[in-house]
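I have placed the structure first, in the form of structure tokens, so that the comments after it can refer back to it.
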Amino acid sequence: MSNEPNTNVNCTVGQCQYHSVGNFCSLDSISIGTHESDPSQPECVDCNSFRKQSIQ
Ligand code: SF4
């Protein structure tokens, strides 16, 4: 899988296997969701495309 940065998707989650250089995501598209019943602030939403980076 390519790790080229998608400059349309900013992300600072360095622990994700899809994170790329320059604080971008490498995926073409991502899935966003919420763990709240009534989200009201940024902390309420999640990137559901996150996958823990495996230890090299
Ligand atoms: S999949 Fe989500 S958490 Fe992972 S780098 Fe992309 S935007 Fe960030």
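The values are calculated or read from the model by the stated rules, or taken from the named source; none is laboratory data. What you are looking at is a predicted structure, and each value in this text was computed from that prediction instead of being measured. Here Cβ is always computed from backbone atoms with ideal geometry, including for glycine, and neighbour counts include all displayed protein chains. For accessibility, only protein heavy atoms count, side chains too; no ligands or nucleic acids. Shrake-Rupley method; radii C 1.70, N 1.55, O 1.52, S 1.80 Å.
Assuming a ≥ b ≥ c are the square roots of the Cα gyration tensor eigenvalues, decide whether the stretch 6-47 counts as rounded (a/c under 1.5), prolate (otherwise, with a/b larger than b/c) or oblate.
On the way: a/c = 2.52, a/b = 2.24, b/c = 1.13.
Prolate, since a/c reaches 1.5 and a/b exceeds b/c.
Probe radius 1.4 Å, ligands and nucleic acids ignored: give me the carbon and sulfur share of the accessible area of the chain as a rounded percent. Show your work: numbers first, answer last.
Numbers: 2110 of 4430 Å².
Percent of accessible area from carbon and sulfur atoms in the chain: 48.
Ignoring ligands, DNA and RNA, what accessible area per residue does the chain give at 1.4 Å, in Å²?
Working: 4430 Å² over 56 residues.
Each residue of the chain exposes 79 Å² on average to a 1.4 Å probe.
Would you mind putting 2-9, 31-38 in packing order, based on average other-beta-carbon counts within 10 Å, highest first?
Numbers: 2-9: 12.6, 31-38: 9.4.
Final packing ranking: 2-9, 31-38.
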